[in-house]
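Heads up, the thing below is written out as structure tokens.
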Amino acid sequence: QDASIAVRIPDYEPQVEFDCGTGILSPWGRLLLDARGVNLQQVDVEAWRVHANNLVSHLHWTMVDETSRSVLDKTVAVDLPHNQPGKLVLDLRELLSQPLGIYRVDARARDHRWTQDSTIVTITDLAITAKRHRDGYLVWVTSLRTAQPVSDVVVDGLTYNNQKVATAKTDAEGIARLQFTGRHPDGGIWVIIAAKYGDLSYLQ
């Protein structure tokens, strides 16, 4: 027999999500941070600049106010059609006054406080390549912009509990040798940090 059936398709739940949980952006690039969202009107964007000496604690996702400094708290309007998932782009060059550094960035729906996501973004020109060997690590630091070696970069090896167990400086070829035999009461090297003139990068 003929029948009439009504089907109700509910709206999408509001959602915001970064494309990557961690990532690197070059200060010479456009500094655009990609995210996705649906049924959003306004998004609260917050950012904290991670203190270099607190990086290990921050990577353990310690309370953000204990390891970093707030540098951004802004509401951004979102122009997405209703019920159509779309791409969001945050312009960090416009939002941050001092781009270089390691940042924790949060995005939260203005009218749904439980709808949020976080990412860690490193804005740096220092690319780190590391090779482990019996007596430590061979570290090569190059420029993301030119791919050329970077000299005079201070390279540190830190343990899981934030103890510095090795340090070196890159030579003219961008090479630094972290001497570490692995026999240390605080454990092995968990993260490698490279720093020069305010530019900071890390390799976990």
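For the reader, a short list of remarks on this structure follows.
A quick yes/no check of all residues on (1) more than 22 Å from the chain's Cα centre (by Cα); (2) of a type in the set (Ser, Thr, Tyr); (3) not in a loop (DSSP other than H, G, I, E, B):
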residue: ARG177; (1), (2), (3): yes, no, yes
residue: THR181; (1), (2), (3): yes, yes, no
residue: ASP186; (1), (2), (3): yes, no, no
residue: ILE193; (1), (2), (3): no, no, yes
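- Residues of region 57-99 satisfying the condition of being open to solvent by 50 Å² or more (accessible area, probe 1.4 Å) and either touching a helix residue (DSSP H, G or I) at 6+ places or on another chain (Cβ under 8 Å) or among the hydrophobic types (A, V, I, L, M, F, W, C) (or both): TRP61, MET63, GLU66, VAL71, LYS74, ALA77, VAL89
- When residues of region 131-145 are limited to those that are open to solvent by 50 Å² or more (accessible area, probe 1.4 Å), in contact (Cβ under 8 Å) with a residue 12 or more places away in the chain and under 23 Å from the mean Cα position of the chain (by Cα), the one farthest from SER26 (Cα to Cα): TRP140
Conditions tested, residue by residue: (1) open to solvent by 40 Å² or more (accessible area, probe 1.4 Å); (2) assigned to a loop (DSSP other than H, G, I, E, B).
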position: ILE24; (1), (2): yes, no
position: TRP28; (1), (2): yes, yes
position: GLY37; (1), (2): no, no
position: VAL45; (1), (2): no, no
position: LEU55; (1), (2): no, no
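- Scope region 12-57; condition of a type in the set (Val, Ile, Thr), closer than 14 Å to ALA107 by Cβ and in contact with a Ser or Thr (Cβ under 9 Å, 6 or more places away or on another chain); matching residues: VAL16, VAL43, VAL45
- Scope region 146-204; condition among the basic types (Lys, Arg) and either closer than 25 Å to ILE120 by Cα or surrounded by fewer than 16 Cβ atoms within 10 Å (Cβ to Cβ) (or both); matching residues: LYS164, LYS169, ARG183, LYS196
The values are calculated or read from the model by the stated rules, or taken from the named source; none is laboratory data. Quick caveat: nothing in here was measured; it's all calculated off a predicted structure. Neighbour counts run over all protein chains shown; Cβ positions are idealised from the backbone, glycine included. With ligands, DNA and RNA removed, areas are computed over all heavy atoms of the protein, side chains included. Shrake-Rupley method; radii C 1.70, N 1.55, O 1.52, S 1.80 Å.
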